[in-house]
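Enquirer: Structure in structure tokens, see below.
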Amino acid sequence: MRYFLDRSARRLFPLLAGFPGFVVLLIAAGLFFRSRAIVLTRPLSKLLFASAWLPSKGEFGFLPFIAGTMYVTVVAVILALPVSLLAAAYLSECAPRRLRGLAATVIDVLAGLPSVIFGVWGVLVVVPAVGALAGLFGAASSGYSVLAGAVVLAVMISPTVMHIILEVFSSIPASLREASLALGATRWETTRRVVLRKAAPGIIAATVLGFSRAFGETIAVLMVVGNVAVIPRSPFDPGYPLPALIANNYGEMMSVPMYDAALMFAALILLVVVIVSNVLARRVLVRLERRAA
Amino acid sequence: MTAVAAAAGTADRRLARRKRADRLFRGLGLVATGLVGGVLLLILAVIVWKGLPALNLDMFTRTPRGGYYIGREGGILNAIVGSALLGLGATAAAFFLSLPLALFLNIYRSRTSRFATFTRFSLDVLWGVPSIVYGAFGFIIMAALGLRASLLAGIITVALLEFPIMTRAMDEVVRLVPRELLDASYSVGATRLETAFKVAARQCAPGILTGVLIAFGRGVGDAASVLFTAGYTDRVPASLFQPAATLPLAIFFQIGTPYPEVQQRAYASAVVLTVLVLAISLIGRSFSRRYRKTVVR
């Protein structure tokens with residue numbers, strides 16, 4: 001009996017281990033299947049690069065949404081990366097142990113807060129602040145803008161980015177640092193010339209993962225970004241990212257023809273971008289980890 | 001001034017410059033670290049400051065009455081119960097997939113086999129999939145099964161969302177089980193299955209619990225995946241096939257109304273959700289430190 005159980009488990013477990021890969025494929029296949037009404041009837045270039053969004057007339061140009069997503073995400077990464085990198089370098093290279101432990105808790109808590117909480121904070125603090133900032137620049141803005149979305153996103157992705165960068169730093173052998181310090185280099189010189197150089201691929205991978213995390217974030221961005229389907233011209237303009245498009249319109253998607261296919265296509269775009277960036281970044285990280293082991 | 005003294009002077013100046021660069025780096029690093037911590041404190045402070053005054057007992061004991069969303073009386077009991085049921089259901093479902101998988105990856109397979117690496121890789125990809133995509137996928141499953149927006153559909157979707165998070169967290173701890181412990185178990189005649197569930201799982205119990213709590217916190221806090229799948233209702237769900245309200249969506253809908261009284265309640269609901277998630281994450285962290293009596297060292 002015990003051997004029977006063990007043998008059946010040995011048969012079952014590989015199926016289980018194949019399950020995650022299967023789910024990835026299933027999600028991709030399901031989204032493609034549900035969006036085929038729109039993907040197969042229109043040229044891809046027209047879907048992705050046309051800017052007319054008139055679902056009731058059957059015109060689905062995703063450009064405003066893709067541009068909105070890219071704008072918000074890229075600004076968020078630009079805001080988050082320098083702070084995350086600097087903080088991670090400081091924590092791993094010169095911070096006292098107690099501070100390091102405290103920072104680990106802060107990163108965990110920040111990473112665990114629900115996105116709707118970031119959204120509430122964004123509405124209460126970031127949106128008015130961006131509105132005031134726009135006033136200083138002489139731009140008319142309600143504050144619900146690309147910049148507000150980017151600030152909220154930057155706060156949301158920085159724990160992820162910091163966590164990965166810290167892990168990459170800790171995989172760099174201490175002997176390299178010691179060699180540099182023993183030659184009389186300061187902490188900063190060691191960090192810049194040894195640690196950062198060695199960690200460069202990992203830092204890029206962390207950036208890509210932060211980008212992909214920001215790319216698909218929905219509720220928090222939706223609450224502060226304004227949701228106007230026009231290509232944003234400045235950071236103070238409202239934008240309309242893809243995830244917000246899906247979340248805002250699920251209610252009507254059954255009443256307008258092909259609307260559901262269009263929303264599923266939006267989800268498919270998100271999935272493809274996220275999978276591509278994850279595969280690229282994880283490959284770099286796995287290689288780094290293996291080199292360290 | 002002699003040439004030697006001049007050379008020493010430049011060297012001194014260069015050293016001073018290098019030291020200044022070093023101090024600048026430390027200073028900026030400290031500022032950046034403080035900024036991250038400060039933002040967290042700011043978020044928590046704003047949520048508590050805006051939400052605490054609006055908090056009252058009615059919120060926990062009553063469901064929304066007629067006209068709740070224009071400022072009449074009621075509470076968010078529907079969302080609290082809905083989130084609890086959804087989180088518990090989804091976490092339980094994910095647990096039955098995650099634990100065997102994490103054990104399998106580390107005990108049946110050599111830890112670095114190509115198959116195990118591929119599985120970890122797909123788990124990482126799944127982890128990165130945005131929750132709105134899970135929501136859309138859950139919607140497709142619902143359509144395929146003929147379900148409507150319901151507690152069950154929400155549980156399935158959130159379980160899928162939690163599964164990679166939980167498995168990777170468990171994998172990290174099961175990976176650390178010493179080889180000798182497993183060998184000791186085999187040598188007294190235990191099969192792999194028994195070793196996995198009776199020895200390895202017990203050894204990692206605190207870490208496994210931490211993984212479960214992390215996943216639970218993520219599942220309870222997620223809004224985008226339940227938007228299509230669990231729906232929203234003012235009643236407490238009586239069966240798996242009825243729609244269920246959730247706390248994140250309750251906050252989202254209430255803050256979206258133009259009435260200040262209702263927005264106040266959104267802030268209060270945000271306090272409830274924040275405290276809930278913080279408590280879960282802190283309990284989870286303390287578990288991995290305490291409760292080690294079953295751990296062999």
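Here, each number is a calculation from the coordinates, and none is a lab measurement. Keep in mind that what you see is a predicted model, and the values were worked out from it rather than measured. When we count neighbours, we look across all protein chains shown, and the Cβ atoms used for this are built from the backbone with ideal geometry, even at glycine.
Enquirer: Around A:Arg42, what is the net charge, scoring Lys/Arg as +1 and Asp/Glu as -1 over all other residues with Cβ under 14 Å from its Cβ?
Expert: Details: positive: A:Arg36, A:Lys46, A:Lys57; negative: A:Glu59.
Once positives and negatives cancel, what remains is +2.
Enquirer: Under a point spin-label approximation (7 Å from Cα along Cα-to-Cβ), what is the A:Leu99-A:Arg10 distance to one decimal in nm?
Expert: 5.4 nm
Enquirer: Write down Rg/Rh for segment B:154-297, rounded to two decimals, with Rg from the C-alpha atoms and Rh from the Kirkwood relation over Cα pairs. If you can, show how the numbers build up before the last one.
Expert: Numbers: Rg = 20.2 Å, Rh = 17.8 Å.
When Rh is taken as the Kirkwood radius, the ratio is 1.14.
Enquirer: Name the shape class, rounded, prolate or oblate, that the alpha-carbon gyration tensor gives for segment A:1-105, where a ≥ b ≥ c are the square roots of its eigenvalues, rounded holds for a/c under 1.5, and otherwise prolate holds if a/b is larger than b/c and oblate otherwise.
Expert: Numbers: a/c = 4.76, a/b = 1.10, b/c = 4.32.
Oblate.
Enquirer: Further, regarding this structure: As an exercise, use a Förster radius of 56 Å and the Cβ-Cβ distance of B:Thr257 and A:Met1 to find the FRET efficiency, rounded to the nearest 0.05.
Expert: Here the calculated transfer efficiency is 0.35.
Enquirer: With a cut-off of at most 13 other beta carbons within 10 Å, and DSSP calling the residue loop, which trypsin sites (Lys or Arg not before Pro) in segment A:194-249 qualify? Please list them. List each step's numbers first, then the result.
Expert: Details: sites: A:Arg197, A:Lys198, A:Arg213, A:Arg233; in loops: A:Arg233.
Passing sites in segment A:194-249 are A:Arg233.
Enquirer: Under the Kirkwood approximation applied to all pairs of distinct alpha-carbon atoms, what is the hydrodynamic radius of segment A:172-252 in Å? Numbers along the way, then the final one.
Expert: On the way: mean 1/r = 0.0616 Å⁻¹.
Across segment A:172-252, the inverse of the average 1/r is 16.2 Å.
Enquirer: Sticking with this one: In which sequence would B:Leu55, A:Leu263 go, from the one with the fewest C-beta neighbours within 10 Å to the one with the most?
Expert: Numbers: B:Leu55 17, A:Leu263 28.
With the fewest neighbours first, B:Leu55, A:Leu263 line up as B:Leu55, A:Leu263.
Enquirer: What lysines sit close enough to B:Lys198 to cross-link, taking a C-alpha to C-alpha distance under 23 Å and skipping anything fewer than 8 places away on the same chain?
Expert: Leaving aside lysines fewer than 8 places away in the same chain, those within reach of B:Lys198 are B:Lys293.
Enquirer: Kirkwood hydrodynamic radius for segment B:72-120: how many Å is it when counted over pairs of different Cα atoms? Provide the component values of the computation, followed by the final result.
Expert: Numbers: mean 1/r = 0.0741 Å⁻¹.
Radius from the Kirkwood sum: 13.5 Å.
Enquirer: So what does log10 I(q)/I(0) come out to for segment A:62-129 at q = 0.13, 0.17, 0.19 Å⁻¹, using the Debye formula with one equal point on every Cα and no solvent?
Expert: Once normalised to I(0) and log-transformed, intensities are -0.57, -0.87, -0.99.
Enquirer: Rounded to the nearest Å, what's the spacing between the alpha carbon centres of segment B:74-92 and segment A:71-147? Just the number, please.
Expert: When both Cα centres are located, 30 Å separates them.
Enquirer: Shifting gears a bit: Take the Cα of A:Val74, step 7 Å along the line toward its Cβ, and report every residue of segment A:256-293 whose backbone nitrogen sits under 18 Å from that point.
Expert: Only A:270, A:273-274, A:277 fall inside the zone, counting backbone N under 18 Å.
Enquirer: Scaled to the compact-protein estimate 2.2 N^0.38 Å, what is the alpha-carbon radius of gyration of segment A:30-292, rounded to two decimal places? Write down the numbers at each step before the final one.
Expert: Working: Rg = 21.1 Å, N = 263, 2.2 N^0.38 = 18.3 Å.
Relative to the rule-of-thumb radius for its length, segment A:30-292 sits at 1.15.
Enquirer: Neighbour counts of other C-beta atoms within 10 Å: give me B:Arg13, A:Arg42, A:Arg192 arranged from fewest to most.
Expert: Working: B:Arg13 10, A:Arg42 19, A:Arg192 15.
Placing the least packed residue first, the sequence is B:Arg13, A:Arg192, A:Arg42.
Enquirer: Amide H neighbours of A:Trp53 under 5 Å, counting only residues 5+ apart in sequence or on other chains, H built in-plane at 1.01 Å?
Expert: The list, which skips near neighbours in sequence, is A:Gly61.
Enquirer: Once you keep just the Cα pairs under 8 angstrom separated by 6 or more residues, what percentage relative contact order results for chain B?
Expert: On the way: 402 pairs, mean separation 77.6, N = 297.
RCO, chain B: 26 percent.
Enquirer: Quote the convex hull volume per residue of segment B:213-269, based on C-alpha atoms, as a whole number of Å³. Could you put the intermediate results ahead of the total?
Expert: Values: hull volume 5.6 nm³, N = 57.
Convex hull volume per residue, Cα atoms: 97 Å³.
Enquirer: Between segment A:168-185 and segment B:1-48, how far is it from one alpha carbon centroid to the other, in angstrom?
Expert: First find each Cα centre; the distance between them is then 19 Å.
Enquirer: Apply the membrane-span-like helix rule to chain B: whole DSSP H runs, Cα extent along the own long axis of at least 20 Å, mean Kyte-Doolittle hydropathy at least 0.5. List the helices found.
Expert: Details: long enough: B:3-51 (71 Å, 0.77); B:77-103 (38 Å, 1.80); B:114-128 (21 Å, 0.40); B:131-145 (21 Å, 2.10); B:151-174 (32 Å, 1.45); B:205-221 (24 Å, 1.33); B:260-289 (44 Å, 0.80).
Those that pass (Cα extent of 20 Å or more, hydropathy at least 0.5) are B:3-51, B:77-103, B:131-145, B:151-174, B:205-221, B:260-289.
Enquirer: Still on this structure, please answer the following. With the convex hull built on the Cα atoms of segment B:3-54, state its orientation-averaged projected area in nm².
Expert: Numbers: hull surface 15.0 nm².
Answer in nm², one decimal: 3.8.
Enquirer: Tell me the Kirkwood radius of segment A:106-170: reciprocal of the mean inverse pair distance over distinct alpha-carbon atoms, in Å. If you can, show how the numbers build up before the last one.
Expert: Details: mean 1/r = 0.0772 Å⁻¹.
Result for segment A:106-170 stands at 12.9 Å.
Enquirer: Still on this model: Label 7 Å along Cα→Cβ of B:Arg72; segment B:212-252 residues with amide nitrogen under 17 Å?
Expert: The answer is B:234-235.
Enquirer: Looking at segment A:153-287, what % of the alpha carbon pairs are farther apart than 21 Å? Each step should come with its number before you reach the end.
Expert: Working: 5188 of 9045 pairs.
Summing the P(r) of segment A:153-287 above 21 Å gives 57 percent of all pairs.
Enquirer: Which FRET efficiency value, to the nearest 0.05, do you get for B:Tyr186 and B:Phe115 by plugging their Cβ-Cβ distance into 1/(1 + (r/R0)^6) with R0 = 22 Å?
Expert: Details: r = 21 Å, r/R0 = 0.96.
For R0 = 22 Å, the calculated efficiency reads 0.55.
Enquirer: If you don't mind, another one. Convert each backbone phi in segment A:121-134 into a coupling constant with the Karplus relation 6.51 cos²θ - 1.76 cosθ + 1.60 (shift: θ = phi - 60°), then list the ³J(HN,Hα) values in order as whole Hz, x for Gly and Pro.
Expert: Values per residue, Gly and Pro as x: 4, x, 5, 7, 10, 5, 4, x, 5, 5, x, 5, 4, 4 Hz.
Enquirer: Right, something else. Give, in nm to one decimal, the length gained when the segment between B:Arg18 and B:Leu145 is fully stretched (0.36 nm per residue of separation minus the Cα-Cα distance).
Expert: Values: separation 127, 0.36 × 127 = 45.72 nm, distance 6.71 nm.
39.0 nm is the gain from fully extending B:Arg18 to B:Leu145.
Enquirer: Taking the Cα centre of each part, how many Å lie between segment B:166-208 and segment B:214-252?
Expert: Answer, in whole Å: 35.
Enquirer: A further question on this structure: Work out the charge dipole of chain A with +1 on the Cβ of Lys and Arg and -1 on the Cβ of Asp and Glu about the Cα centre, then indicate which of A:Phe236, A:Leu5, A:Ala29 is farthest towards its positive end.
Expert: Highest projection toward the positive end goes to A:Leu5.
Enquirer: So, one more: Which number do you get for Rg(Cα) / (2.2 N^0.38 Å) in chain B?
Expert: Working: Rg = 25.9 Å, N = 297, 2.2 N^0.38 = 19.1 Å.
So the Cα radius of gyration is 1.35 times the expected 2.2 N^0.38 Å.
Enquirer: Can I ask one more? Using the C-alpha atoms of the protein assembly as shown, what convex hull volume per residue, in cubic angstrom, is computed?
Expert: So the per-residue Cα hull volume is 196 Å³.
Enquirer: Would you order A:Val151, B:Val177 from fewest to most other beta-carbon atoms within 10 Å of each residue's own beta-carbon? Let's see the in-between values first.
Expert: Numbers: A:Val151 25, B:Val177 22.
Sorted ascending by nearby Cβ count, the order is B:Val177, A:Val151.
Enquirer: Further, regarding this structure: What FRET efficiency, computed as 1/(1 + (r/R0)^6) with R0 = 30 Å and r the Cβ-Cβ distance, is obtained for A:Leu183 and B:Val31, rounded to the nearest 0.05? Write out the running numbers ahead of the final one.
Expert: Working: r = 28 Å, r/R0 = 0.95.
According to the calculation, E is roughly 0.60.
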